[in-house]
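The values are calculated or read from the model by the stated rules, or taken from the named source; none is laboratory data. Note that the coordinates shown come from a computational prediction; the quantities given were computed from them, not determined experimentally. Methodologically, a virtual Cβ is constructed for each residue, glycine included, from the backbone with ideal geometry; neighbour enumeration extends over all protein chains shown.
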């Protein structure tokens, strides 16, 4: 079973594990940034807005092509790739977006991003209050 | 002498043109948008098609922004 953790910790683990990922942002369904590796707040905000626009464009494209619901995408450029994974959780949709170096190992990047989302999605239940487990008497020490 | 020079020039021009064509084709193959659906299906759209151009442009901006 996956260990529950907050978004910042999940992001730190992701960047430590995946050498291909350059920058990552985790966003909730309302566009609120839960965690990001982009230090500058303004740039992080612009990045998240760009990802939202990308998702809208991709959604239009999906409808045009008659595909079922969009779950993830990769946009590859000569300078690097942008990966976006969308996943429903108990507390609503979560989106993780990452940039990588050029010609990344696509399957591996998607796996790492999904793993990161999975590791945080059960940390916050639907009412937004983190779940707590009662400590056993023996755990106090 | 002029004939040798002409041959060398033609070879050089041919190599240059070939290299440019190869790079263009490689770039076209590399730049693309892959959309993955819930059911596991995937649509790959090459850059250059009007559908993908807007997404690839956005991706370029994001990659530069996140550097």
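Details
- The single residue among A:45, A:57 that is in contact with a helix residue (DSSP H, G or I) (Cβ under 9 Å, 6 or more places away or on another chain) and either within 13 Å of chain B (Cβ to nearest Cβ) or over 28 Å from residue B:46 (Cα atoms) (or both) turns out to be A:57.
- Top-ranked residue in region B:12-53 [being at the interface with chain A (Cβ under 10 Å from one of its Cβ atoms) and assigned to a loop (DSSP other than H, G, I, E, B); ranked as nearest to the chain's Cα centre (by Cα)]: B:31
- Filter result for residue A:78 (within 12 Å of another protein chain (Cβ to nearest Cβ), touching a helix residue (DSSP H, G or I) at 6+ places or on another chain (Cβ under 9 Å), crowded, with 19+ Cβ neighbours inside 10 Å and more than 14 Å from residue A:24 (Cβ to Cβ)): no
- Of the numbered criteria (1) in a helix (DSSP H, G or I); (2) free of Cβ contacts under 8 Å to residues at least 24 places away in the same chain, the one residue B:56 fails is (2).
So that you can scan it fast, the table gives a plain yes or no per residue for (1) closer than 21 Å to residue A:10 by Cα; (2) modelled with pLDDT under 90:
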residue	(1), (2)
A:30	yes, yes
A:37	yes, no
A:78	no, no
A:91	yes, yes
A:100	yes, no
A:130	yes, yes
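- If only residues of region A:101-113 that are without any contact (Cβ under 8 Å) to a residue 40 or more places away in the chain and in a helix (DSSP H, G or I) are counted, the one that is surrounded by the most Cβ atoms within 10 Å (Cβ to Cβ) is A:110.
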